[in-house]
Amino acid sequence: MSISSLGAVGVPTATAPTAGTPAVVPTSHAPDAGTLWRPSAPCSPLTCIDAAGATRALPLAVLRIVAVLSLLIVGLLLIPVGGRIPAGLVRRWSRWIVRAAGVRVRIDGGAASDGGLLLVANHVSWLDIPMLAAIRPARMLAKSEIRDWPVAGWLTASSGALFIDRDRIRALPETVARIAGALRAGEAVTVFPEGSTWCGRAQGHFRRAAFQAALDAGVPVQPVQLRYRFAQGAPTTAAAFVGRDSLLSSVWRVVRARRLVAEAEVMEPITPGSVLDRRSLAEAAEAAALPGRHHAPIPAPQRVVPRPATGGVAQPPVPAPSCEPLTA
(Lines give C-alpha, C1' and ligand atoms only; values in the text may rest on other atoms or scores of the structure.)
Protein backbone atom coordinates (compact mmCIF):
# COMPACT_ATOMS: atom_id res chain seq x y z
CA MET A 1 0.00 0.00 0.00
CA SER A 2 1.37 3.37 -0.93
CA ILE A 3 0.06 6.87 -1.34
CA SER A 4 2.60 7.63 -4.02
CA SER A 5 3.65 4.40 -5.74
CA LEU A 6 2.37 2.79 -8.93
CA GLY A 7 1.02 -0.35 -7.34
CA ALA A 8 -1.88 -1.57 -5.25
CA VAL A 9 -1.77 -4.28 -2.62
CA GLY A 10 -4.34 -7.02 -2.29
CA VAL A 11 -3.81 -9.29 0.72
CA PRO A 12 -6.40 -11.68 2.18
CA THR A 13 -7.61 -10.78 5.66
CA ALA A 14 -6.57 -12.99 8.54
CA THR A 15 -9.15 -15.07 10.35
CA ALA A 16 -9.04 -16.14 13.98
CA PRO A 17 -9.08 -19.86 14.82
CA THR A 18 -12.37 -21.36 15.88
CA ALA A 19 -12.57 -22.42 19.53
CA GLY A 20 -11.50 -26.01 19.98
CA THR A 21 -9.39 -26.14 16.83
CA PRO A 22 -5.62 -25.61 16.56
CA ALA A 23 -4.35 -22.30 15.30
CA VAL A 24 -2.99 -22.44 11.77
CA VAL A 25 -0.24 -20.07 10.77
CA PRO A 26 0.83 -19.87 7.12
CA THR A 27 4.47 -20.71 6.48
CA SER A 28 5.10 -18.24 3.67
CA HIS A 29 3.68 -15.22 1.94
CA ALA A 30 0.50 -15.58 -0.06
CA PRO A 31 1.11 -15.67 -3.82
CA ASP A 32 1.75 -12.31 -5.39
CA ALA A 33 -1.65 -10.98 -6.43
CA GLY A 34 -0.18 -8.39 -8.75
CA THR A 35 0.28 -8.32 -12.48
CA LEU A 36 2.93 -6.79 -14.70
CA TRP A 37 0.79 -3.65 -14.96
CA ARG A 38 -0.47 -3.62 -11.36
CA PRO A 39 2.41 -4.87 -9.22
CA SER A 40 1.42 -6.02 -5.77
CA ALA A 41 3.41 -7.09 -2.70
CA PRO A 42 2.22 -10.03 -0.58
CA CYS A 43 3.39 -8.32 2.63
CA SER A 44 0.77 -7.70 5.31
CA PRO A 45 0.79 -6.17 8.82
CA LEU A 46 -0.19 -9.51 10.38
CA THR A 47 2.74 -11.47 9.01
CA CYS A 48 5.45 -8.88 8.42
CA ILE A 49 5.37 -6.11 11.02
CA ASP A 50 7.65 -6.37 14.04
CA ALA A 51 6.44 -5.35 17.45
CA ALA A 52 7.66 -1.80 18.06
CA GLY A 53 9.71 -2.85 21.11
CA ALA A 54 10.10 -0.05 23.65
CA THR A 55 7.29 2.46 23.20
CA ARG A 56 6.80 6.10 24.05
CA ALA A 57 4.25 7.29 26.57
CA LEU A 58 0.86 8.00 25.06
CA PRO A 59 0.96 11.82 25.58
CA LEU A 60 4.37 12.08 23.90
CA ALA A 61 3.19 10.00 20.93
CA VAL A 62 0.18 12.31 20.52
CA LEU A 63 2.52 15.32 20.57
CA ARG A 64 4.61 13.67 17.86
CA ILE A 65 1.57 13.30 15.61
CA VAL A 66 0.60 16.93 16.23
CA ALA A 67 4.13 18.02 15.29
CA VAL A 68 4.04 16.02 12.04
CA LEU A 69 0.62 17.44 11.12
CA SER A 70 1.80 20.97 11.90
CA LEU A 71 4.76 20.64 9.55
CA LEU A 72 2.51 19.21 6.83
CA ILE A 73 0.10 22.13 7.23
CA VAL A 74 2.99 24.57 6.86
CA GLY A 75 3.98 22.81 3.64
CA LEU A 76 0.37 22.90 2.45
CA LEU A 77 0.17 26.67 2.99
CA LEU A 78 3.43 27.21 1.09
CA ILE A 79 2.40 25.21 -2.00
CA PRO A 80 1.41 28.35 -3.99
CA VAL A 81 4.97 29.67 -3.66
CA GLY A 82 6.68 26.28 -3.61
CA GLY A 83 8.69 26.95 -6.75
CA ARG A 84 10.40 29.91 -5.10
CA ILE A 85 11.42 28.09 -1.91
CA PRO A 86 15.15 27.21 -1.87
CA ALA A 87 15.86 23.50 -2.26
CA GLY A 88 17.95 23.56 0.91
CA LEU A 89 14.95 24.67 2.95
CA VAL A 90 12.78 21.94 1.42
CA ARG A 91 15.40 19.35 2.35
CA ARG A 92 15.52 20.58 5.93
CA TRP A 93 11.71 20.66 6.17
CA SER A 94 11.61 17.05 4.94
CA ARG A 95 14.10 16.02 7.62
CA TRP A 96 12.02 17.83 10.23
CA ILE A 97 8.95 15.74 9.30
CA VAL A 98 10.85 12.51 9.94
CA ARG A 99 12.41 13.86 13.14
CA ALA A 100 9.02 15.15 14.34
CA ALA A 101 7.78 11.55 14.17
CA GLY A 102 10.55 10.65 16.61
CA VAL A 103 12.74 8.97 14.00
CA ARG A 104 16.44 9.70 13.69
CA VAL A 105 17.65 10.49 10.17
CA ARG A 106 20.90 9.20 8.71
CA ILE A 107 21.88 9.92 5.11
CA ASP A 108 25.11 8.45 3.76
CA GLY A 109 26.85 8.64 0.40
CA GLY A 110 27.34 11.52 -1.98
CA ALA A 111 24.93 14.30 -2.79
CA ALA A 112 22.43 13.84 -5.61
CA SER A 113 23.44 15.77 -8.70
CA ASP A 114 21.69 18.90 -9.95
CA GLY A 115 19.75 19.04 -13.20
CA GLY A 116 17.53 16.32 -14.64
CA LEU A 117 17.66 13.22 -12.48
CA LEU A 118 15.58 10.05 -12.04
CA LEU A 119 15.63 9.25 -8.32
CA VAL A 120 14.72 5.61 -7.60
CA ALA A 121 14.53 3.69 -4.33
CA ASN A 122 13.08 0.65 -2.65
CA HIS A 123 9.67 1.31 -1.09
CA VAL A 124 8.90 0.41 2.53
CA SER A 125 7.13 3.23 4.34
CA TRP A 126 5.36 6.57 4.07
CA LEU A 127 8.61 7.88 5.58
CA ASP A 128 10.34 7.09 2.27
CA ILE A 129 8.84 10.21 0.68
CA PRO A 130 10.29 12.83 3.06
CA MET A 131 13.54 10.84 3.27
CA LEU A 132 14.04 11.11 -0.50
CA ALA A 133 12.98 14.77 -0.49
CA ALA A 134 15.69 15.36 2.12
CA ILE A 135 18.17 14.12 -0.48
CA ARG A 136 16.78 15.94 -3.53
CA PRO A 137 13.37 17.65 -3.78
CA ALA A 138 11.59 16.12 -6.75
CA ARG A 139 8.29 15.54 -8.48
CA MET A 140 6.62 12.25 -7.53
CA LEU A 141 5.16 9.64 -9.85
CA ALA A 142 1.76 8.75 -8.35
CA LYS A 143 -1.17 6.55 -9.31
CA SER A 144 -4.06 8.46 -10.85
CA GLU A 145 -6.56 7.25 -8.20
CA ILE A 146 -4.96 9.61 -5.70
CA ARG A 147 -6.51 12.57 -7.53
CA ASP A 148 -9.91 11.54 -6.13
CA TRP A 149 -8.75 11.26 -2.52
CA PRO A 150 -10.03 13.96 -0.14
CA VAL A 151 -7.35 16.54 0.68
CA ALA A 152 -4.47 14.20 -0.21
CA GLY A 153 -5.51 14.24 -3.89
CA TRP A 154 -5.43 18.01 -4.10
CA LEU A 155 -2.21 18.16 -2.12
CA THR A 156 -0.49 15.60 -4.35
CA ALA A 157 -1.61 17.30 -7.56
CA SER A 158 -0.59 20.73 -6.26
CA SER A 159 2.87 19.45 -5.41
CA GLY A 160 3.57 18.85 -9.12
CA ALA A 161 3.17 15.06 -9.06
CA LEU A 162 3.09 13.18 -12.34
CA PHE A 163 0.18 10.72 -12.53
CA ILE A 164 -0.05 7.32 -14.14
CA ASP A 165 -3.31 5.58 -15.05
CA ARG A 166 -2.74 1.92 -14.23
CA ASP A 167 -5.97 0.84 -15.95
CA ARG A 168 -4.93 2.18 -19.36
CA ILE A 169 -1.82 0.42 -20.55
CA ARG A 170 -2.00 2.37 -23.79
CA ALA A 171 -1.42 5.54 -21.77
CA LEU A 172 1.99 4.30 -20.62
CA PRO A 173 3.97 5.85 -23.51
CA GLU A 174 2.33 9.21 -22.75
CA THR A 175 3.32 8.91 -19.08
CA VAL A 176 6.89 8.03 -20.02
CA ALA A 177 6.96 11.05 -22.33
CA ARG A 178 5.77 13.35 -19.50
CA ILE A 179 8.48 12.03 -17.19
CA ALA A 180 11.11 12.48 -19.91
CA GLY A 181 9.88 16.03 -20.52
CA ALA A 182 10.28 16.92 -16.84
CA LEU A 183 13.76 15.37 -16.82
CA ARG A 184 14.80 17.32 -19.94
CA ALA A 185 13.62 20.49 -18.22
CA GLY A 186 16.20 19.89 -15.50
CA GLU A 187 13.78 18.57 -12.87
CA ALA A 188 14.21 15.56 -10.63
CA VAL A 189 11.51 12.88 -10.65
CA THR A 190 11.14 10.34 -7.84
CA VAL A 191 9.88 6.85 -8.69
CA PHE A 192 9.44 3.71 -6.59
CA PRO A 193 9.91 1.11 -9.34
CA GLU A 194 8.78 -1.85 -7.20
CA GLY A 195 5.30 -0.42 -7.70
CA SER A 196 4.17 -1.15 -4.15
CA THR A 197 5.46 -1.00 -0.60
CA TRP A 198 7.28 -4.06 0.73
CA CYS A 199 8.08 -4.80 4.37
CA GLY A 200 11.86 -4.51 3.93
CA ARG A 201 12.40 -8.18 4.72
CA ALA A 202 11.28 -9.06 1.21
CA GLN A 203 11.57 -6.93 -1.92
CA GLY A 204 10.01 -6.75 -5.34
CA HIS A 205 11.61 -6.16 -8.73
CA PHE A 206 12.07 -2.85 -10.47
CA ARG A 207 9.61 -2.24 -13.32
CA ARG A 208 11.27 -0.80 -16.41
CA ALA A 209 8.94 1.85 -17.82
CA ALA A 210 10.27 4.89 -15.92
CA PHE A 211 13.83 3.97 -16.85
CA GLN A 212 12.96 4.48 -20.51
CA ALA A 213 12.24 8.13 -19.65
CA ALA A 214 15.77 8.50 -18.26
CA LEU A 215 17.19 6.99 -21.44
CA ASP A 216 15.06 9.24 -23.66
CA ALA A 217 16.05 12.36 -21.69
CA GLY A 218 19.71 11.39 -21.40
CA VAL A 219 19.86 11.97 -17.63
CA PRO A 220 21.46 9.93 -14.83
CA VAL A 221 19.60 7.51 -12.59
CA GLN A 222 20.24 7.95 -8.86
CA PRO A 223 19.59 4.77 -6.82
CA VAL A 224 18.91 5.25 -3.11
CA GLN A 225 18.76 2.41 -0.61
CA LEU A 226 16.34 2.93 2.29
CA ARG A 227 16.56 0.96 5.55
CA TYR A 228 14.87 1.13 8.96
CA ARG A 229 16.45 -0.09 12.18
CA PHE A 230 16.59 0.52 15.91
CA ALA A 231 19.36 2.66 17.37
CA GLN A 232 21.13 -0.40 18.76
CA GLY A 233 21.52 -1.67 15.20
CA ALA A 234 18.77 -4.30 14.85
CA PRO A 235 16.81 -3.96 11.58
CA THR A 236 13.05 -3.70 11.93
CA THR A 237 9.87 -3.66 9.85
CA ALA A 238 8.05 -1.45 12.38
CA ALA A 239 8.05 1.49 9.94
CA ALA A 240 6.58 -0.49 7.05
CA PHE A 241 3.26 0.58 5.51
CA VAL A 242 1.97 -2.54 3.76
CA GLY A 243 -1.10 -4.51 2.82
CA ARG A 244 -4.34 -3.42 4.43
CA ASP A 245 -2.53 -1.35 7.02
CA SER A 246 -4.09 2.11 7.29
CA LEU A 247 -1.93 5.21 7.09
CA LEU A 248 -3.10 6.28 10.55
CA SER A 249 -2.12 2.97 12.16
CA SER A 250 1.27 3.05 10.44
CA VAL A 251 1.93 6.62 11.60
CA TRP A 252 0.82 5.71 15.14
CA ARG A 253 3.16 2.71 15.19
CA VAL A 254 6.07 4.92 14.14
CA VAL A 255 5.45 7.68 16.68
CA ARG A 256 5.05 5.11 19.47
CA ALA A 257 8.33 3.35 18.64
CA ARG A 258 11.43 4.50 20.48
CA ARG A 259 14.95 4.71 19.04
CA LEU A 260 13.81 4.17 15.45
CA VAL A 261 16.36 5.17 12.79
CA ALA A 262 15.69 5.85 9.09
CA GLU A 263 18.74 5.39 6.88
CA ALA A 264 19.20 6.43 3.27
CA GLU A 265 22.32 5.49 1.36
CA VAL A 266 22.87 7.46 -1.82
CA MET A 267 24.53 5.04 -4.22
CA GLU A 268 26.72 5.85 -7.21
CA PRO A 269 24.64 7.36 -10.03
CA ILE A 270 24.19 5.44 -13.25
CA THR A 271 25.38 7.87 -15.90
CA PRO A 272 23.74 8.39 -19.30
CA GLY A 273 25.17 6.12 -21.96
CA SER A 274 26.65 3.59 -19.51
CA VAL A 275 23.57 1.36 -20.00
CA LEU A 276 21.89 1.15 -23.37
CA ASP A 277 18.45 -0.35 -22.69
CA ARG A 278 15.80 -0.02 -20.00
CA ARG A 279 16.01 -3.66 -18.91
CA SER A 280 19.72 -3.37 -18.09
CA LEU A 281 19.19 0.05 -16.50
CA ALA A 282 16.40 -1.27 -14.25
CA GLU A 283 18.51 -4.28 -13.25
CA ALA A 284 21.52 -2.08 -12.41
CA ALA A 285 19.40 0.27 -10.31
CA GLU A 286 17.69 -2.67 -8.57
CA ALA A 287 21.03 -4.24 -7.65
CA ALA A 288 22.13 -0.94 -6.11
CA ALA A 289 18.92 0.08 -4.33
CA LEU A 290 17.40 -3.09 -2.88
CA PRO A 291 18.80 -3.84 0.59
CA GLY A 292 18.12 -7.55 0.22
CA ARG A 293 20.74 -7.77 -2.50
CA HIS A 294 23.46 -6.79 -0.02
CA HIS A 295 22.21 -7.60 3.47
CA ALA A 296 21.16 -10.73 5.34
CA PRO A 297 17.37 -11.15 5.70
CA ILE A 298 15.75 -9.63 8.77
CA PRO A 299 14.68 -12.43 11.13
CA ALA A 300 10.92 -12.97 11.10
CA PRO A 301 9.13 -11.51 14.14
CA GLN A 302 8.05 -13.92 16.86
CA ARG A 303 4.38 -13.73 17.74
CA VAL A 304 2.22 -15.58 20.20
CA VAL A 305 -0.82 -16.99 18.40
CA PRO A 306 -3.86 -17.57 20.67
CA ARG A 307 -4.67 -21.25 21.12
CA PRO A 308 -7.40 -23.03 23.04
CA ALA A 309 -6.48 -23.88 26.63
CA THR A 310 -5.38 -27.51 27.06
CA GLY A 311 -5.46 -28.50 30.68
CA GLY A 312 -3.81 -25.29 31.85
CA VAL A 313 -0.59 -26.02 29.92
CA ALA A 314 0.94 -22.88 28.40
CA GLN A 315 1.38 -22.92 24.67
CA PRO A 316 4.79 -21.96 23.19
CA PRO A 317 5.21 -18.96 20.87
CA VAL A 318 4.57 -19.70 17.21
CA PRO A 319 6.97 -18.02 14.76
CA ALA A 320 5.39 -15.65 12.30
CA PRO A 321 5.47 -16.51 8.60
CA SER A 322 8.73 -15.95 6.81
CA CYS A 323 8.97 -12.93 4.54
CA GLU A 324 11.46 -14.36 2.08
CA PRO A 325 11.37 -12.75 -1.39
CA LEU A 326 9.17 -14.53 -3.92
CA THR A 327 10.81 -15.98 -7.00
CA ALA A 328 9.40 -15.40 -10.45
Confirm whether residue 251 is of a type in the set (A, V, I, L, M, F, W, C), assigned to a strand (DSSP E or B), closer than 18 Å to residue 123 by Cα and touching a helix residue (DSSP H, G or I) at 6+ places or on another chain (Cβ under 8 Å).
-> no
Quickly run through the stretch 140-160 and pick out the residues that are surrounded by 19 or more Cβ atoms within 10 Å (Cβ to Cβ) and at pLDDT 75 or above.
-> 140, 141, 142
Which listed residue is surrounded by 23 or more Cβ atoms within 10 Å (Cβ to Cβ) and part of a helix (DSSP H, G or I), from 214, 240 = 214
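Are any residues in the stretch 267-290 in a loop (DSSP other than H, G, I, E, B), touching a helix residue (DSSP H, G or I) at 6+ places or on another chain (Cβ under 9 Å) and open to solvent by 50 Å² or more (accessible area, probe 1.4 Å), and if so, which ones?
Residues of the stretch 267-290 in a loop (DSSP other than H, G, I, E, B): 267-269, 271-277, 290.
Remaining after also requiring touching a helix residue (DSSP H, G or I) at 6+ places or on another chain (Cβ under 9 Å): 267-268, 272, 274-277.
Residues satisfying the conditions are 268, 272, 274, 276, 277.
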Subset tally (residues that are open to solvent by less than 40 Å² (accessible area, probe 1.4 Å), within 22 Å of residue 229 (Cβ to Cβ) and either among the acidic types (Asp, Glu) or free of Cβ contacts under 8 Å to residues at least 60 places away in the same chain (or both)) for the stretch 68-104 = 3
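The values are calculated or read from the model by the stated rules, or taken from the named source; none is laboratory data. Keep in mind it's a predicted model, so treat the numbers as computed, not measured. So basically every Cβ, Gly included, is an ideal-geometry build from the backbone, and we count neighbours across all protein chains shown. SASA here: full protein model, heavy atoms, side chains in, ligands and nucleic acids out. Shrake-Rupley method; radii C 1.70, N 1.55, O 1.52, S 1.80 Å.
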